[in-house]
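Beneath this line is the structure, given in C-alpha cells, with notes to follow.
The values are calculated or read from the model by the stated rules, or taken from the named source; none is laboratory data. Everything numeric in this text was worked out from a predicted model, so none of it was measured. Here Cβ is always computed from backbone atoms with ideal geometry, including for glycine, and neighbour counts include all displayed protein chains. Note: areas computed on protein heavy atoms with side chains; ligands, DNA, RNA excluded. Shrake-Rupley method; radii C 1.70, N 1.55, O 1.52, S 1.80 Å.
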Amino acid sequence: MDTSKDIFQSRLYKLNRTLLSLLGQWPFQKNKDRRVIFVTVSVIGLTQVIAQVLALVTLRGDLDATIECIPPLIIDGVCIVKLTNLVCNIEKIKILLIHMQRDWQSWTIQSEFEILHRFAESGRSITIGYASGMYAFGSLFPFLAIIPKIIGKNVTSDYPTRPVGFPYHVEYYIDLEKYYYPVLIHNYLTTAIRLNTIVASDTYVTILVQHCCALFSIVRYRLECIRKTIEQDKELASLEEDNKFYKNFVYCIQKHRDALRFARCLETVYTNAFFVEVGLIILAMSMSALQATNGTLTPHLAIRHSAYIIAQLLHLYMACWFGQQVIDHSDHVYTSTYRGEWYEASPKSRKLLNMIMLRSTSPCTLTVGKIMILSLPSFSAVVRASVSYFTVLRSVR
C-alpha cells in the first residue's frame, strides 16, 4: 500500500467514505455536493417523520395503534440525533480524519505500519459485518409487512393509516388507497435512509475507535519490544546505547500523548449523542417488547418485532463494545511499560516511563453524557433497564 496517497481512497476505508457521502457528511466532499445531498436526505426523512406524527395524533384514542406508532418514531429520533451530531461536529470529525491520515504517513518502523493495517482491516471487517446485520434485521421489519401484498393474499388492514404493505402508520390526509404506490415508495425510501444513517454513523465510530486502539498498540509494542524497535528504527540504530532507549521512550510518550488526544476528541464528539441515543434505545426496546408480547400477536408479526429488537440490541452492543475497546487498549499500556527490556536503560531513561505509567493508571473511556461509561457491563445494565421498563409498561397496560 502506498501510504503517501490519501488513505481514505483505499479499500480499507472506501465503504465508510461511501456511506457517509450518501448522507452528505463526508468532510472532504465538495461543500456544494454536501449541502445538496444533506438537504435532499433531510427533507425526505422529515416528511416521513411528520406523516408518522400525524398518524399518532389521528390514532390517539387507540392504545394498541399508538404503541405501534411509537417505536418507529423513536428510531427516527435516533437517526436525527446521529445526523445532527455529524453536522454539528463536522470540523472535529475532519480533524480526526486528518489525524488518521497523518499517522498513516508518519510511521517510522514496519511494525507500526503492520499494526495500523491490522486494526484498519479489523475496522473494515466490523463495518461489513455490522452493516450486513443491520441491513438484514432492519429490512426484515418493513419487508415482512409487504409479503401479504406480494403473494396476493386477501388481507385487509384494521387501520386507514397503515394499509396492507405499509410498514408504519402514516397520515398524509390523502386517500392512501388511491395514492398507494407513491406513498409506499416514499415509506420504503425513508426506511433505507433511516438504515443508512444508523449504519454510516456507527461504522464511522468503528474506524475511529479501531485507529485509536492502534495508536495505543503502537505505544505498547514500542515498550514491550524495545530491542526489536531499535533494530528496525534506523534513526535509533545510529545513536549511542543509552540514547537509543531514551529516544525510544520519548517517542513512546509522544505517541501516547497523540493517542490520548485522539481519544479525548472522540469522547467530545460522541458523549452527548450517546446520552440521547441510549435513552431512546431503552424506550424503543421496551415498546417493541411490549408489542412482541401482545396476546393477539401472530407469528408473522412476532418475527417482525423480534427482528426490530435484535437490530436495536446489535446497535446498543456495538456502542458498548466500542467503549470497552478504548478502555482495554488504553489500560494495557500500563502493564506494557514493565514487559520490555527497560532494565537495560539508564536511570535517566527509566524516569520517562513514570510519565506513561502515571497517565495509564486512568484508562480512556467513552461515556454516555459523562454519566455512564460505555462498556460491556454497561450493555447488560441497559438491557436490564429496558426489561424493567417493559415490565412496568406491561403491568400498566
Over the chain, what is the relative contact order in whole percent, taking alpha-carbon pairs under 8 Å and six or more residues apart? 21 percent
Rank Pro72, Ala302, Cys88 by how far each Cα sits towards the positive end of the charge dipole of the chain (+1 on Lys, Arg Cβ; -1 on Asp, Glu Cβ) and give me just the farthest. Cys88
How much length would be gained if the chain were fully extended between Gln105 and Asp331, taking 0.36 nm per residue of separation minus their Cα-Cα distance, in nm to one decimal? 78.7 nm
So for region 215-277, considering every pair of alpha-carbon atoms, how many percent are separated by more than 17 Å? 50 percent
Ellipsoid equivalent to region 261-397 - semi-axes via the Cα gyration tensor, in Å: 45, 14, 11
Using modelled backbone amide H atoms (1.01 Å from N, in-plane), which distant-in-sequence or interchain residues come within less than 5 Å of Thr367's amide H? Leu374
At 20 °C in a medium of viscosity 1.002 mPa s, region 102-183 has a Stokes-Einstein diffusion coefficient, with Rh taken as the Kirkwood radius over alpha carbon pairs, in µm² per second, of 127 µm²/s
Expected-Rg normalisation [2.2 N^0.38 Å, Cα atoms] applied to region 153-233: 2.25
Build a GNM of the chain with springs between Cα atoms under 10 Å: which of Ser306, Ser330, Ser362 gets the top mean-square fluctuation? Ser362
Which one of Ser386, Tyr334, Gln232 has its Cα pushed farthest toward the positive end of the charge dipole of region 7-396, where Lys and Arg give +1 and Asp and Glu give -1 at the Cβ? Gln232
Whole-Hz ³J(HN,Hα) for each residue in region 308-317, computed from phi via Karplus 6.51 cos²θ - 1.76 cosθ + 1.60 with θ = phi - 60°, x for glycine and proline: what do you get? 5, 5, 4, 4, 5, 5, 4, 4, 5, 4
Long-range amide H partners of Trp26, meaning residues 5 or more apart or on another chain whose placed amide H is closer than 5 Å, are Ser21
Please give the per residue volume of the convex hull enclosing the alpha carbon atoms of the chain, rounded to a whole number of Å³. 145 Å³
Roughly how many whole Å is it from the C-alpha centroid of region 128-193 to that of region 58-78? 15 Å
Taking +1 at the Cβ of each Lys and Arg and -1 at the Cβ of each Asp and Glu, which of Phe249, Gln48, Gln291 sits farthest along the dipole of the chain towards its positive end, judged by Cα position relative to the Cα centre? Phe249
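Any idea what the dipole of region 7-396 comes to, in debye rounded to 20, about its Cα centre with Lys/Arg Cβ at +1 and Asp/Glu Cβ at -1?
620 debye
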Expressed per residue, the solvent accessible area of region 39-163 in Å² (1.4 Å probe) is about 47 Å²
Once phi is turned into θ = phi - 60°, what whole-Hz ³J(HN,Hα) does the Karplus curve with 6.51, -1.76 and 1.60 give for every residue of region 12-20, x standing for Gly and Pro? 5, 10, 4, 5, 5, 5, 5, 4, 5
Give me the percent of the accessible area of the chain that comes from carbon and sulfur atoms, probe 1.4 Å, all protein chains in place. 62 percent
Rounded to whole Hz, the Karplus (6.51, -1.76, 1.60) HN-Hα couplings of region 124-135, x for glycine and proline: 5, 5, 5, 4, 5, x, 5, 4, 4, x, 5, 5
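Heavy-atom accessible area per residue, region 256-397, 1.4 Å probe: how many Å²?
For region 256-397, the solvent-accessible area averages 47 Å² per residue.
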Long-range share for region 126-264, i.e. C-alpha pairs more than 21 Å apart as a percent of all pairs, stands at 64 percent
